[in-house]
Each structure stands twice: as C-alpha cells, then as structure tokens.
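Asks: A single structure is presented below for examination.
The values are calculated or read from the model by the stated rules, or taken from the named source; none is laboratory data. The structure displayed is predicted, hence computed values, not measured ones. Counting neighbours? That spans all protein chains shown, and the Cβs are built from the backbone with ideal geometry, glycine included. We work out accessible area using only protein heavy atoms, side chains counted, and drop any ligands, DNA or RNA first. Shrake-Rupley method; radii C 1.70, N 1.55, O 1.52, S 1.80 Å.
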Amino acid sequence: LAWRWTPAATLLIVNHAAWMREKFDNTNPGNLPLAGGHYGEWVWDSSATWMWNARAPLDMGWSVRRLHDSGFSNQLLSAAPFARLLDRYDGTAAHEGGYAQQSWTLASGHLHFSAGARSDHQSLMGRSVVSPQASAAVILAGSTRLQLGWGQYVQFPELSDLTSPLGGVHLLPQRSTQAIAALEQRLGERTRMRLEFYEREDRDLLYRPFYDPRILNGKVFVPPINPLLRNSSRAYGRGFEFLVERRSANRLTGWASYAYGASRQR
C-alpha cells in the first residue's frame, strides 16, 4: 500500500506499508525432512523531500520492520530415519531506522554536494548503529564532470544467525566502508566516456572459522561437529571500469566497457 501526499509545493511525503510471508520444506527422496522454515515481515516506510531552498533539498525518512524467522536443518546419516540436527532457529525482532540527507547546488550548478547519515536499531541485539555518507560532483569544464562518493554501511545479522545455537545475540553488525571516484567526458550531446574507480573495505563479516579441516602445526585439524559463527572475517574489493556510450532516439545506440576488479576475504 502506498500513499503520496503533497501538502505544499515545496514538500512531498510518501508512505509505504507492506507484508510478506514465505515458507519452505526440503525433503529427501524418502520424504524425510532435511530442512524447513517460515519467514514473515511487516514494514512501514515513510520518506519526505522538503525544498526549503530551490537549490538545497532536504531528504529524510523513517522505517519500521517487524521480522519473524524460524526453521531447522538436518543431516540424514543413513537410509534409516535417523537425523542429526544441524541447526534450529526461532526469533522475532523489530528493526527501526531513520535517515536525513542535505544537498546543495552551488556555483551556478557547477558544484553539487550532499551529506547525510542514517541510524538503525535492532531490538533483539539491543544495538544501535550510525552510518554517515557524503558525495560531490564538480563540473571541471563545460563537458567534463568529476564525481566523488564515500559512505559507511551496516548490515545486522539475520535472525537465523542471532537465534541459532551456532550464533547468538552477541554477534556484531557487519560493516562496509566504500569510496568511489569517477571522471566523465561528454563528446557532443549523445556520447560520453566515463572512467570509474571504487574501493570497498568490509569487516566483522560472519564466518565459521573452525568449519574446514586444515593442517595446523603439522597436524590435521578435525573440526568440531557444529562450529560457531563469529565476526572473524574481513574483505576488500577494488577495481575500475571504462565506459563509452552513445544514446540516440533514431540512430546508433550502444555502449562498450571494460572492467577490472579484485577481491579478497581473510
């Protein structure tokens, strides 16, 4: 459901409400249960744009999500109906969050800048986090544009991780810091070239560090039956992309690009 309201020429308010539900069951050829689960979610989201200045819009919003997730997974050890429980989870939580972002257009439209932050709270974990971000776009010449962006982003663990015996509410939110820089050159009204660089650093990623066998101090390490989840992984991704694009209503339209990226997880 959506409701759009414009109480004034400078203010736009949009509200959304949604509900979803899904279930799944996995069985083997003998019709024995391997896994099953149920997920449900209620969502209310409200956003507003206030043009308090013709060149400086203010964007803000707030959302509330009520989540429920439950399920299990088994390992069948033989053709007989004997199963080992691998995981079981069942939990309900509320996720609340809000954001605000202020934008400015200066120097007769040659400089555009925006900055903002969002705050999120997860009731089951009892944690609150703040995520700042900022971006800028500068017209260096009549047809050359430089764009810069930076932000920090947070993702809470799933309820299946927080309520599982393998995880718990002590787990931390996963965090990512991202930056981007792009230089764009227009060749006439329909053609442009763009060179873009990006950098991403992730930390506190969820992983089961004792899940895999390995050689440790010259001996084979045998994992425990159900190793625990931990915020034990870090990762990065970086690369660039070069793009040439032409747009036309009734002539040749198309694009060609080359992208290179490298990522590592430790």
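Asks: Among the residues of region 91-104, write down those that are open to solvent by less than 40 Å² (accessible area, probe 1.4 Å) and either in contact with a Cys (Cβ under 6 Å, 6 or more places away or on another chain) or hydroxyl-bearing (Ser, Thr, Tyr) (or both).
Replies: Ser103
Asks: In the list Asp59, Asp45, Asp69, which residue meets the criterion of being modelled with pLDDT of 95 or more, under 23 Å from the mean Cα position of the chain (by Cα) and under 30 Å from Leu111 (Cα atoms)?
Replies: After applying the criteria, what remains is Asp59.
Asks: Hey, among the residues in region 108-129 that are on the phi < 0 side of the Ramachandran plot and open to solvent by 70 Å² or more (accessible area, probe 1.4 Å), which one's modelled with the lowest pLDDT?
Replies: His110
Asks: Taking Asp25, is it surrounded by 15 or more Cβ atoms within 10 Å (Cβ to Cβ) and within 30 Å of Pro157 (Cα to Cα)?
Replies: It is false that Asp25 is surrounded by 15 or more Cβ atoms within 10 Å (Cβ to Cβ) and within 30 Å of Pro157 (Cα to Cα).
Asks: Here is a further query. Assuming Met20 fulfils every condition listed in (1) open to solvent by less than 40 Å² (accessible area, probe 1.4 Å); (2) closer than 30 Å to Ser70 by Cβ; (3) not basic (Lys, Arg) apart from one, which condition is it?
Replies: Tallying (1) open to solvent by less than 40 Å² (accessible area, probe 1.4 Å); (2) closer than 30 Å to Ser70 by Cβ; (3) not basic (Lys, Arg), Met20 fails exactly one: (1).
Asks: Return the pair list, or none, for Cβ contacts closer than 6 Å from residues in region 88-112 that are over 30 Å from Ala141 (Cβ atoms) to residues that are among the β-branched types (Val, Ile, Thr) and assigned to a strand (DSSP E or B), at least 6 apart or on different chains.
Replies: What qualifies is Glu96/Val64.
Asks: Out of the strands (runs of 3 or more DSSP E) lying entirely within region 205-250, which hold 2 or more residues that are open to solvent by less than 50 Å² (accessible area, probe 1.4 Å), in contact with an Asp or Glu (Cβ under 9 Å, 6 or more places away or on another chain) and in contact (Cβ under 8 Å) with a residue 12 or more places away in the chain?
Replies: Fully inside region 205-250 and qualifying: 230-246.
Asks: Here's something else I'd like to know. Pull up region 68-85, narrow it to residues that are out of contact with any Phe, Trp or Tyr (no Cβ under 8 Å at 6 or more places or on another chain) and surrounded by 15 or more Cβ atoms within 10 Å (Cβ to Cβ), then point me to the one that is farthest from Lys23 (Cα to Cα).
Replies: Looking at the filtered set, the residue picked out is Ala83.
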